[in-house]
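One structure below.
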């Protein structure tokens with residue numbers, strides 16, 4: 001099952017470190033416009049540490065200076081996460097997702 005969207009949270013190390021969540025799923029990093037998150041990057045967290053771990057990895061590299069917020073959707077299985085991420089990238093075409101371009 002793909003759960004409802006949760007967000008928008010400030011994309012910062014203190015917020016994500018305090019986020020006590022190791023769920024698997026798809027996360028969206030971008031900016032908030034008209035009360036909606038416009039995704040600049042869509043990723044999946046399906047390994048150890050889930051989405052929280054992946055977001056912390058991204059923050060440590062700091063490739064997205066214009067990203068201000070993130071949101072996420074939990075998934076129940078890894079396969080569901082992989083398939084849903086691919087669908088969301090195809091649908092939204094975020095500027096920082098380069099695979100398949």
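Computed from the coordinates by the stated procedures, all read-outs in this text should not be read as laboratory data. Just so you know, these numbers come straight off a predicted model, no measurement behind them. Cβ: placed from backbone, ideal geometry, glycine included. Neighbour counts: every protein chain shown.
Any chance you could run the full-extension gain for residue 31 through residue 86? It's 0.36 nm times the residue separation minus the Cα-Cα distance, nm to one decimal.
On the way: separation 55, 0.36 × 55 = 19.80 nm, distance 2.05 nm.
Here the segment from residue 31 to residue 86 would lengthen by 17.8 nm.
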Point to revise | Estimated 222 nm signal from helices in the chain, with DSSP H stretches of n ≥ 4 weighted -39500 (n - 2.57), rounded to 500 | key: -10000 deg cm²/dmol
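Order of 35-42, 55-62 by packing, highest average Cβ count within 10 Å first? Numbers along the way, then the final one.
On the way: 35-42: 17.2, 55-62: 14.1.
Result, highest mean first: 35-42, 55-62.
Looking at the square roots a ≥ b ≥ c of the eigenvalues of the Cα gyration tensor of region 6-92, which shape do they give, rounded for a/c under 1.5, prolate if a/b is larger than b/c, or oblate? Don't skip to the answer; put the middle values down first.
On the way: a/c = 1.63, a/b = 1.13, b/c = 1.44.
It comes out oblate by the Cα gyration axes.
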Exercise for review: Can you tell me the order of 43-51, 88-96 when each peptide is scored by its average per-residue count of other Cβ atoms within 10 angstrom, highest first?
Suggested key: 43-51, 88-96
Review point. Roughly what would the spin-label model give for residue 5 and residue 19, points 7 Å off Cα along C-beta, in nm?
Key: 1.5 nm
